[in-house]
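Enquirer: Structure below; questions to follow.
The values are calculated or read from the model by the stated rules, or taken from the named source; none is laboratory data. Note that the structure is predicted; figures quoted are calculated from it, not measured. Please note: Cβ atoms are built from the backbone with ideal geometry, for glycine as well, and neighbour counts cover all protein chains shown. Ligands, DNA and RNA are excluded from the accessible area calculation, which covers all protein heavy atoms including side chains. Shrake-Rupley method; radii C 1.70, N 1.55, O 1.52, S 1.80 Å.
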Amino acid sequence: MIEVFDTCTGCGICVSRCPFGAIRIVEKRAQINEACTLCGACVKSCPFGAIEIKRKMVTPADVSSYRGIWVFAEEHGNHLRNVTLELLSEGRKLADKLGEPLAALLLGRNVTDFIKTLSAYGADKIYVTEHEVLERYNSDGYADVLTGLIVKHKPSVVLFGATINGRDLAPRIAARLRIGLTADCTGLEIDEEGRLVQIRPAFGGNIMASILSHTRPQMATVRPNVMKRGEPDWTREAEIERINVMIDPKAMRTRVVDIVKEVADRAVNIEEADIIVSGGRGLGSPENLKLMRELAEALGGAVGASRPIVDSGWLPHHQQVGQTGKTVSPKLYVAVGISGAIQHLVGMQTSDIIIAINKDSEAPIFKVATMGVIGDLFKIVPALIEELRNAKKENPTR
Amino acid sequence: MIIVVCIKQVPEITEVKVDPKTKTLMREGVPSILNPLDEFAIEEALRIREKHGGEVIIVTMGPPQANEAILKCLAMGADRAIHLSDRAFAGADTLATAYTLAKAIKQFIPNFDVILCGKQAIDGDTAQVPVEMAEWLNLTQITGVKKVEVDPKGRKVVAHRETDEGYEVIESKLPVLLTAIKELNEPRLPTLMGILSAKNKETRVITAVDLDGDTGLFGLNGSPTQVVEIFAPKPRGKGTIILDEDPVATAKKIIQFLFEKGVI
């Protein structure tokens with residue numbers, strides 16, 4: 001229930017913040033009409049605390065009224081993030097198991113081109129919201145619109161990629177709706193009672209935890225590169241629902257003043273890369289990063305680094321793997337000259353295949369390596385680059 | 001400037017294991033430390049105070065022994081601390097933790113300008129508490145910042161927020177909540193004088209009855225998520241270790257291996 005108290009002065013600030021155009025000022029007082037989705041943007045904007053939404057806690061009896069799996073479709077410049085497609089493939093499985101529909105939530109400015117892809121990867125329905133304020137991710141605008149959609153349509157599950165923006169957005173919505181949220185999941189299952197079992201590592205991957213949420217929707221962020229992306233079916237056609245929103249850019253509380261690109265090596269975000277070649281202290285000097293770049297190129301991967309490399313300023317922080325950097329789960333992780341301190345291992349030990357090259361046979365990295373090579377990286381890496389190039393020449397499709 | 005820094009005492013994660021029989025966490029004898037990323041938040045708060053004047057107040061929720069972590073913050077130079085400690089707060093998930101911290105800040109430090117937190121804690125790695133706190137307190141948030149400029153006269157802050165290919169420069173009005181990454185600064189070490197003076201600084205212990213909040217939203221009762229099982233991760237299996245004798249032969253072995261695994 002939404003209520004407007006006598007402290008309302010009719011100032012109209014809430015009108016400019018409401019994305020759904022549901023508020024009018026009538027006789028110096030805010031009046032809320034049926035377009036209201038209870039997203040809560042007005043409550044947050046009111047300087048007089050004159051609007052309140054009373055949210056009921058979800059009781060067991062309410063649970064059955066929540067239906068459907070939702071995936072937040074995160075776009076990035078001119079493409080959808082890989083994790084969005086991974087989540088749709090996973091969400092499809094969960095939806096089929098529950099016998100419920102799978103929907104994608106697409107927000108942005110000119111995003112219509114992505115509809116085909118979202119359909120092909122399994123969405124039955126796509127909610128599309130286009131607005132200039134949504135062109136670039138911002139916490140307030142995205143949280144307001146998504147909260148409104150969730151309250152209105154009551155999905156059972158909402159999944160986000162555990163990306164920089166996904167992890168900025170999901171907790172905002174969870175706190176507004178007072179519901180549970182599980183971070184950075186690496187596994188999702190449906191139990192016998194139709195509940196979402198959320199599996200995630202904790203304590204740096206030393207333990208795994210299965211988590212249930214007693215509220216609805218059940219929300220989770222999911223680690224990129226863990227769920228398998230299915231084959232697209234380009235004949236699929238999802239139902240499209242367009243939601244018109246009215247967002248006043250001036251009502252947004254933060255403003256992006258500038259966007260600075262520090263071009264990452266091979267321009268690949270390491271969180272999304274299938275193959276990562278990481279260098280450590282063993283490289284000795286920054287010139288030797290050239291070896292990492294060449295090896296990454298030969299393998300078709302991205303370049304990462306351990307903490308000492310980043311602390312020395314050889315590479316930017318967003319390429320750092322480990323506790324104070326990023327957690328990655330690529331198909332192949334090549335650790336070159338990295339001893340494997342626990343702070344590094346927690347950031348990469350869920351990778352499918354780990355190849356470690358190090359001259360110290362006692363290096364802890366060998367404990368997690370699928371294949372460990374004891375030897376001089378300055379001899380092995382150039383040979384590896386050469387052999388990979390030769391292999392490619394012999395068999396260009398490989 | 002009134003700067004609040006929320007910190008957490010965490011176990012040294014390298015030492016935490018699952019008891020294979022009872023399937024519970026073996027935390028006994030595991031040393032506790034101040035969450036590493038929180039040090040960057042404290043350092044930045046101290047720098048803001050040094051530049052603009054004001055007060056740095058530490059807020060934490062945790063058992064009595066979390067006082068050790070508080071003492072470290074005070075030794076670094078924070079002015080005073082609020083320690084939320086009560087059995088009623090135990091078992092809190094991120095939502096209940098954020099609620100309790102937010103209530104305490106609203107009640108005891110209502111005139112704050114900036115809240116700084118480490119981006120995430122190394123035990124849970126959720127990064128959810130700061131953002132949920134910002135929502136409870138109706139604040140704007142800028143997560144993952146590597147540079148901060150506060151403008152007390154203009155009542156605003158400009159921060160560099162890390163993105164996947166660089167950063168975005170975000171401007172927000174005060175008050176604001178910021179979460180720190182390691183690029184932000186280089187945390188100072190506590191000086192001997194700092195360590196000695198820390199014991200004389202005020203730490204106020206707050207229990208559930210001292211808080212105006214809804215007690216049903218504290219601790220386990222206020223936590224919508226529930227850990228139903230913990231288990232040890234699948235062991236990685238024993239890897240193959242080879243000793244390089246001939247780089248070309250070694251390279252061929254690696255390529256053969258990757259080919260068999262379908263990676264290339």
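Enquirer: At 1.4 Å probe size, with every protein chain present, just tell me what the per residue accessible area of chain B comes to in Å². Display every interim value, and only then the final one.
Expert: Details: 11760 Å² over 264 residues.
Result: 45 Å² of accessible area for each residue.
Enquirer: Is there a pair in B:Lys17/B:Lys147; A:Lys93/B:Lys146; A:Lys116/A:Lys290; A:Lys152/B:Lys156; B:Lys103/B:Lys147; A:Lys152/A:Lys250 whose C-alpha atoms are over 31 Å apart, and which pairs would that be? It would help to have the intermediate numbers written out before the result.
Expert: Numbers: B:Lys17/B:Lys147 36 Å; A:Lys93/B:Lys146 39 Å; A:Lys116/A:Lys290 39 Å; A:Lys152/B:Lys156 35 Å; B:Lys103/B:Lys147 28 Å; A:Lys152/A:Lys250 26 Å.
Over 31 Å Cα-Cα: B:Lys17/B:Lys147; A:Lys93/B:Lys146; A:Lys116/A:Lys290; A:Lys152/B:Lys156.
Enquirer: Rounded to the nearest 0.05, what FRET efficiency is calculated for A:Lys290 and B:Thr240 with R0 set to 22 Å and r the Cβ-Cβ distance?
Expert: On the way: r = 28 Å, r/R0 = 1.28.
That gives a FRET efficiency of 0.20.
Enquirer: Would you work out which of A:Cys36, A:Gly21, A:Ile51 lies farthest towards the positive end of the dipole of the stretch A:2-53, given +1 charges on the beta-carbon of Lys and Arg and -1 on that of Asp and Glu, about the Cα centre?
Expert: Of A:Cys36, A:Gly21, A:Ile51, it is A:Gly21.
Enquirer: Taking the Cβ-Cβ separation of B:Glu15 and B:His52 as r and a Förster radius of 45 Å, what is the calculated FRET efficiency to the nearest 0.05?
Expert: 0.65
Enquirer: Go through A:Ser329, B:His83, B:Leu95 and say which Cα lies farthest out towards the positive end of the charge dipole of the protein assembly as shown; charges sit on Cβ, +1 for Lys and Arg, -1 for Asp and Glu.
Expert: Highest projection toward the positive end goes to B:His83.
Enquirer: Considering the options A:Ala95, A:Ile190, A:Asn138, tell which one lies farthest towards the positive end of the dipole of the stretch A:73-195, charges being +1 on Lys and Arg and -1 on Asp and Glu at the Cβ, about the Cα centre.
Expert: A:Asn138
Enquirer: Where the accessible area of the stretch B:143-212 is counted over protein heavy atoms with a 1.4 Å probe, how much of it, in %, is carbon and sulfur? Walk me through the numbers before you get to the answer.
Expert: Details: 1940 of 3520 Å².
Roughly 55 percent, rounded to a whole number.
Enquirer: Can you give the helix-only mean residue ellipticity at 222 nm for the protein assembly as shown, where every DSSP H stretch with n ≥ 4 adds -39500 (n - 2.57) and the sum goes over all residues, rounded to the nearest 500 deg cm²/dmol? Write down the numbers at each step before the final one.
Expert: Numbers: 17 runs with 173 residues, N = 662.
Value at 222 nm, helices only: -7500 deg cm²/dmol.
Enquirer: Can you give me the C-alpha center-to-center distance between the stretch B:96-172 and the stretch A:25-102, rounded to a whole angstrom?
Expert: 23 Å
Enquirer: Over chain B, with a Gaussian network built from C-alpha contacts below 10 Å, which listed residue (B:Lys147, B:Lys252, B:Lys17) shows the highest mean-square fluctuation?
Expert: B:Lys252
Enquirer: Computing the accessible area with a 1.4 Å probe over protein heavy atoms, can you report the carbon and sulfur percentage for the stretch B:1-66? Each step should come with its number before you reach the end.
Expert: Numbers: 1480 of 2890 Å².
Result for the stretch B:1-66: 51 percent of the exposed heavy-atom area is carbon or sulfur.
Enquirer: The stretch B:139-217: which GluC sites (Glu not before Pro) are DSSP loop and have at most 13 other beta-carbon atoms within 10 angstrom?
Expert: Values: sites: B:Glu149, B:Glu162, B:Glu165, B:Glu168, B:Glu171, B:Glu183, B:Glu202; in loops: B:Glu165, B:Glu202.
In loop regions of the stretch B:139-217 (DSSP not H, G, I, E or B), the sparsely surrounded GluC sites (Glu not before Pro) are B:Glu202.
Enquirer: Another one. Starting from the 7 Å offset along Cα-to-Cβ, what nm value, one decimal, do you get for the label separation of A:Trp234 and B:Gln256?
Expert: Simple spin-label model gives 4.0 nm for this pair.
Enquirer: Kindly point out, ordered by number, any Cys in chain A whose beta-carbon has no other cysteine beta-carbon under 4.7 Å away.
Expert: A:Cys8, A:Cys11, A:Cys18, A:Cys36, A:Cys39, A:Cys46, A:Cys185
Enquirer: Considering only DSSP states other than H, G, I, E and B, which GluC sites (Glu not before Pro) in the stretch A:6-62 qualify as loop sites with at most 10 other Cβ atoms within 10 Å? List each step's numbers first, then the result.
Expert: Values: sites: A:Glu27, A:Glu34, A:Glu52; in loops: A:Glu27, A:Glu34.
Qualifying residues, ordered by number: A:Glu27, A:Glu34.
Enquirer: Also, quick follow-up: If I take R0 = 60 Å and measure r between the Cβ atoms of B:Gln65 and A:Glu297 in this structure, what FRET efficiency does the formula 1/(1 + (r/R0)^6) give, to the nearest 0.05? Please list the in-between numbers first.
Expert: Details: r = 50 Å, r/R0 = 0.84.
Between B:Gln65 and A:Glu297 the formula returns 0.75.
Enquirer: Moving on to the next point. Please report, in cubic angstrom per residue, the volume enclosed by the convex hull of the alpha-carbon atoms of the stretch A:319-384. Write down the numbers at each step before the final one.
Expert: Working: hull volume 5.2 nm³, N = 66.
Hull volume over Cα atoms, normalised by residue count, gives 79 Å³.
Enquirer: While we're here: Between A:Glu3 and A:Asp113, how many nm apart are label points set 7 Å from Cα along the C-beta direction?
Expert: Going by the 7 Å Cα→Cβ label model, 4.9 nm.
Enquirer: Same structure, new question: Let me make sure I get this right: for the stretch A:265-394, a, b and c are the square roots of the gyration tensor eigenvalues over alpha carbons, sorted descending. Under 1.5 in a/c it's rounded, otherwise prolate if a/b > b/c, else oblate. Which is it? Show your work: numbers first, answer last.
Expert: Values: a/c = 1.31, a/b = 1.18, b/c = 1.11.
Rounded is the answer for the stretch A:265-394, as its axis ratio a/c remains below 1.5.
Enquirer: Need one word for the stretch B:2-222: rounded, prolate or oblate. Basis is the Cα gyration tensor (sqrt eigenvalues a ≥ b ≥ c); a/c below 1.5 gives rounded, then a/b vs b/c decides.
Expert: Numbers: a/c = 1.36, a/b = 1.34, b/c = 1.01.
Verdict is rounded for the stretch B:2-222.
Enquirer: Let me ask something else about it. Filter the trypsin sites (Lys or Arg not before Pro) in the stretch A:156-234 down to the DSSP loop ones having no more than 14 other Cβ atoms within 10 Å, then list what survives.
Expert: A:Lys228
Enquirer: So how much accessible surface do A and B hide from each other in total, probe 1.4 Å, in square angstrom to the nearest 100? Don't jump to the answer; show the numbers that get you there.
Expert: On the way: alone 19780 and 15650 Å², together 27860 Å².
Buried surface at the A/B interface: approximately 7600 Å².
Enquirer: Given charges of +1 on the Cβ of Lys and Arg and -1 on the Cβ of Asp and Glu, with all other atoms neutral, how large is the dipole of the protein assembly as shown about its Cα centre, in debye to the nearest 20? Please list the in-between numbers first.
Expert: Working: 81 positive and 85 negative charges, 106 e Å.
The calculated dipole for the protein assembly as shown is roughly 500 debye.
Enquirer: Sort the stretch A:58-126 into rounded, prolate or oblate with this rule: let a ≥ b ≥ c be the square roots of the eigenvalues of the Cα gyration tensor; rounded if a/c is under 1.5, and if a/c is not under 1.5, prolate when a/b is larger than b/c, oblate otherwise. Please report the intermediate quantities before stating the final value.
Expert: Values: a/c = 2.60, a/b = 1.92, b/c = 1.35.
Prolate, because a/c is 1.5 or more and a/b exceeds b/c.
Enquirer: OK, next. Could you report chain A's accessible area per residue, 1.4 Å probe, as an integer in Å²?
Expert: Result: 40 Å² of accessible area for each residue.
Enquirer: Can you flag which of A:Lys393/B:Lys238; A:Lys261/B:Lys182; B:Lys8/B:Lys119 are past 23 Å Cα-Cα? Spell out each step's value before the answer.
Expert: Numbers: A:Lys393/B:Lys238 33 Å; A:Lys261/B:Lys182 19 Å; B:Lys8/B:Lys119 11 Å.
Distance filter (> 23 Å) returns A:Lys393/B:Lys238.
Enquirer: Using the Cα centre as the reference, give the magnitude of the dipole from point charges on the C-beta atoms of chain B (Lys, Arg: +1; Asp, Glu: -1; all else neutral), rounded to the nearest 20 debye. It would help to have the intermediate numbers written out before the result.
Expert: On the way: 32 positive and 37 negative charges, 44 e Å.
I would put it at about 220 debye.
Enquirer: Rounded to the nearest 20 Debye, what is the dipole magnitude of the stretch A:1-153 about its Cα centre when Lys and Arg each give +1 and Asp and Glu each give -1 at the C-beta? Don't jump to the answer; show the numbers that get you there.
Expert: Numbers: 18 positive and 19 negative charges, 43 e Å.
Approximately 200 debye in magnitude.
Enquirer: Next question. Please compute the net charge surrounding A:Arg242, taking Lys and Arg as +1 and Asp and Glu as -1 over other residues with Cβ under 13 Å from its Cβ.
Expert: Values: positive: A:Lys125; negative: A:Glu130, A:Glu239, A:Glu241.
Combined, the nearby Lys, Arg, Asp and Glu give -2.
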